[in-house]
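Inspection log for the structure reproduced underneath, given as structure tokens.
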Amino acid sequence: MENLIYKQMIEESPIAYFSGIVTKDENGKSKGLQIETCNKSFYNLFNIKSEDIIGKDIADILPINQVNRYLTYLDEVFLKSRFSKETYIRELNLNCKVDIYTVDNNHIYARFIEVNNSSLKLAEPLRRAPFIAWIKDIDGRYLDVNEIFLDVENVDYQYIIGKKDYSYMKKERADKYQVQDTEVLKDNKIHTYYVEENIDKTRYYQITKWPYIDEKTNRVLGIIGIAVEKTNEVRLTEELEKSQETFSQIVENIEDIITIRDEEKYYYISPAFEKIHGFKPEDLNLYEDILGLKRHYDNLEYYKTIEEDSLKGISTKLIKIKSNERERWLLSKIFPLTREDNSNLKIGITRDITNLKKMEEKLEEMRMDYFANLSHELRTPINLIFSSLQVLDLKMDKLDLEQFDYFNKYLSIIRQNGYRLLRLVNNLIDTTKIDSGKFSHNPQNKDIINYVEDICMSVSEFVDSNNLSLVFDTNVEEKIISFDQDNIERIILNLLSNAIKFTNQGGRIDVIIECKDNVKIKVKDSGFGIPKDKIDSIFNRFEQLNNKTKDDKEGSGIGLSIVKSLVEMHNGEISVKSKPGEGSEFIITLPDVLNKENTEDTIAMKETSRNISNLNIELSDIYT
């Protein structure tokens, strides 16, 4: 009864079992194995039917090389009564642990426990990697390799799986890799080797191997290896070594400072350092203290960042140095260098551009002189035109009504276009002054509410003449802040001019001031609006709105660029909201600050009549 239950358990077991009769030669060596019984799991594992195996010798079933291997196993069984071995069954692409037990001098029982084959396959990233990758079992047989392996070794996948290095390599090369594998398994840790190979040509590889361990049993199943070709790097190193003397000569004589450093100290500073700074790096202990240079100078300022890529670690900065009333300019470019131990260094190239900076300043001075002369040359004929108009105006009252209307019509055209020409000249000159930092900006503590309201009142005639309505509103009656009156006037007049130009008759313009944490001035119209593709570039220089309905009132495209610059001089911001067909809203945000240098007398707003000429110039594009 017990035997029956035991046989049933074996039959239903998920582990593959079989029993067999061993035949021996006259020397007692195993020469054959006839299969007696198999359980269901055995049939399933090897995908075989009972009639194909029961009563047959393994020599009739397996290839001769596998027959010899199993007969060798049987000889070991009869010596030790038990034999265990992990083996790879190539036909099934299967890794199994084989346990064989003896019953008597001729009968054996065996079981095959499948080792998880998927865990002994290369992970997908290694399979697709641009370097050689493989897995071996603990006996050195290949279980899986990637395509790069097959290409380099010039073998087929089916050929290499289950084979050892000795099957296709020269003995000397296979011996070398066997020593490496033995070391990895013995130490049970990762190892890296550098080797030179001569397969089809000389190549250099960095080989990394580590034990593959079953996470559940903590048992070493094999070895994973990768080989990264380093031929180009080795060749480059050899070339660099050959060219080291030449390179050193270049570095020794180059005018730029070459530095290598980390966050704490310098590792290398080229001789140009002494030529530029007038002292040696050792004098400031720069090889131990990276801040020594900054402490040495009275004023070392990172004046401007020209280029910066935080992801790549690249930056280019303009540095201004002042020492003993001497000013110098340096251009420094920094880029990263990763060492073999993955630590980061920074390579620096610093150039003395003091002379170049002086030339730029001289050119800027010449440019300013040129525009000053141009301003004079342009304004002189314009002023003569306006003077002539004034003389003609004095004689107009002597004309009869018909002649008066006739001459007044054409004189008005001359006057309006004179204003437009003068506005264009002013804008061009002021743009140059802003770029050079020489534009006049004199903020004083004044009432911004009253000042903006006065500007709105002064343009009422222009608004009425275009059949528009202008509404001024504020949430406070008075707000004293620091601002430049002339520049604020120019900002507001420009925005109102645009609002009038691009709003149809019957439309409305709102000027709203809101005072909370800061001062917001909003100029809103019900005009044509700004196309979506123009919103981001509306403040760029020479940007224009090509509105076909209002093409007779286009400007130069400089006005809003100047407005933005004037707002930024007040440490403010300007933005725009717009929807085509519904109008635009320009929002100026000014800081709520006072100029501490102002006296109490300057806070009071002086009563002055607004310069009519300024209005005519800024609003010259409105009349037709």
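Only one item in (1) 54.4; (2) 31.1; (3) 42.3 matches mean projected area of the Cα convex hull in nm² derived from the coordinates shown, and that item is (1). Residues whose amide H falls under 5 Å from that of ASP144, counting only those 5 or more places apart or on a different chain, are ILE135, with hydrogens built in the peptide plane. Label-to-label distance for ILE254 and GLU478 is 6.6 nm, based on points extended 7 Å past Cα in the beta-carbon direction.
Net charge dipole, segment 355-425: roughly 200 debye, given to the nearest 20, about the Cα centre with Cβ charges of +1 for Lys and Arg and -1 for Asp and Glu. Evaluated with a Cβ-only charge set (Lys, Arg +1; Asp, Glu -1), segment 202-317 carries a dipole of roughly 600 debye about its Cα centre, given to the nearest 20. Simple spin-label estimate for ASP187 and ASP25 gives 4.4 nm between the two label positions (7 Å along the Cα-to-Cβ direction from each Cα).
Put the Cα centre of segment 302-381 next to the Cα centre of segment 447-511 and the gap is 41 Å. For the pair TYR287 and THR231, label points projected 7 Å from Cα toward Cβ lie 4.0 nm apart. Per residue, the chain exposes 60 Å² of solvent-accessible protein surface, assessed with a 1.4 angstrom probe and all protein chains in place.
Where both partners of a DSSP beta bridge lie in the chain, what percent of those bridges are antiparallel, to the nearest 5?
Values: 116 of 122 bridges.
Restricted to the chain, the bridges split so that about 95 percent are antiparallel.
To the nearest 0.05, how large is the calculated FRET efficiency for ASP486 and ASP309 if R₀ is 25 Å and r is the Cβ-Cβ distance? The formula returns an efficiency of 0.05 here. Placing unit charges on each Cβ (+1 for Lys and Arg, -1 for Asp and Glu) gives the chain a dipole about its Cα centre, and among ASN383, TYR267, ILE413 the Cα reaching farthest toward its positive end belongs to TYR267.
DSSP beta bridges fully contained in segment 449-532 are about 55 percent antiparallel.
Using a Förster distance of 56 angstrom, determine the FRET efficiency expected from the C-beta separation of VAL471 and LYS322, and round it to 0.05. Working from the Cβ atoms, E equals 0.60.
When the surface is traced with a 1.4 Å probe over the full set of protein chains, THR102 keeps roughly 40 Å² accessible.
At most 14 other Cβ atoms within 10 Å and a DSSP loop assignment: could you name the GluC sites (Glu not before Pro) in segment 566-598 that fit? Passing sites in segment 566-598 are GLU582, GLU597.
Shown in residue order for segment 186-200 are the 3J(HN,Hα) couplings computed by the Karplus curve 6.51 cos²θ - 1.76 cosθ + 1.60 at θ = phi - 60°: 5, 7, 6, 7, 6, 9, 10, 10, 10, 10, 10, 10, 10, 8, 9 Hz (x for Gly and Pro).
Taking a ≥ b ≥ c as the square roots of the Cα gyration tensor eigenvalues, with a/c under 1.5 meaning rounded and otherwise prolate when a/b beats b/c, else oblate, which class fits segment 113-201? Rounded, because the longest to shortest axis ratio a/c is under 1.5.
Does segment 306-368 classify as rounded, prolate or oblate by the C-alpha gyration tensor (a ≥ b ≥ c root eigenvalues; a/c under 1.5 gives rounded; else a/b over b/c gives prolate, otherwise oblate)? Verdict is prolate for segment 306-368.
Computed from backbone phi, the HN-Hα couplings of segment 370-383 come to 4, 5, 5, 5, 4, 4, 5, 5, 7, 5, 4, x, 5, 4 Hz, rounded to whole numbers (Karplus: 6.51 cos²θ - 1.76 cosθ + 1.60, θ = phi - 60°; Gly and Pro given as x).
Once you have the Cα-Cα distance between ASN344 and ARG203, take 0.36 nm times their residue separation minus that, and quote the gain in nm to one decimal.
Values: separation 141, 0.36 × 141 = 50.76 nm, distance 2.85 nm.
Extending this stretch completely gives an extra 47.9 nm.
Peptides 124-135, 389-400, 222-233 ordered by packing proxy, namely the average of other Cβ atoms within 10 Å per residue, highest first: 222-233, 124-135, 389-400.
Of LYS280/LYS320; LYS163/LYS189; LYS446/LYS596, which pairs sit farther than 18 Å apart, going by alpha carbon to alpha carbon? Don't skip to the end; give the middle numbers.
Numbers: LYS280/LYS320 20 Å; LYS163/LYS189 24 Å; LYS446/LYS596 12 Å.
Exceeds cut-off: LYS280/LYS320; LYS163/LYS189.
Magnitude of the charge dipole for segment 153-272, about its Cα centre and with charges confined to Cβ atoms of Lys, Arg (+1) and Asp, Glu (-1), is about 860 debye.
Ordering ILE113, ASN218, THR182 by the projection of their Cα atoms onto the charge dipole of segment 109-243, which places +1 on the Cβ of Lys and Arg and -1 on the Cβ of Asp and Glu, puts ILE113 at the extreme positive end. 3J(HN,Hα) couplings calculated from phi for segment 126-140 with the Karplus curve 6.51 cos²θ - 1.76 cosθ + 1.60 (θ = phi - 60°) are, in sequence order, 6, 5, 9, 5, x, 9, 6, 8, 7, 10, 10, 7, 5, 8, x Hz; Gly and Pro show x. Residues whose amide H falls under 5 Å from that of VAL519, counting only those 5 or more places apart or on a different chain, are LEU590, ASP592, with hydrogens built in the peptide plane.
Relative to the longest principal axis of the Cα atoms of the chain, helix 64-80 runs at roughly 70 degrees. In this structure GLU282 has an accessible area near 120 Å², from a 1.4 Å probe over the protein heavy atoms. In summary, the aspartates and glutamates within cross-link reach of LYS170, defined as a Cα separation below 13 angstrom excluding same-chain residues under 8 places away, comprise GLU153, GLU197. Heavy-atom surface analysis with a 1.4 Å probe gives the chain a carbon and sulfur content of 50 percent of its accessible area. Taking amide H as placed 1.01 Å from N in the peptide plane, ILE558 has its amide H under 5 Å from the amide H of PHE542, each at least 5 places away in sequence or on another chain.
GLU196 contributes about 90 Å² of solvent-accessible surface, heavy atoms of the protein only, 1.4 Å probe. Residue ranking by accessible heavy-atom surface, 1.4 Å probe, largest first, among HIS376, HIS277 comes out as HIS376, HIS277.
The values are calculated or read from the model by the stated rules, or taken from the named source; none is laboratory data. If you're wondering where the values come from, they're calculated on a predicted model, not measured in any experiment. FYI the Cβ positions are ideal-geometry reconstructions off the backbone, even for glycines, and counts take in every protein chain you see. The accessibility values were calculated without ligands, DNA or RNA, using every heavy atom of the protein model including side chains. Shrake-Rupley method; radii C 1.70, N 1.55, O 1.52, S 1.80 Å.
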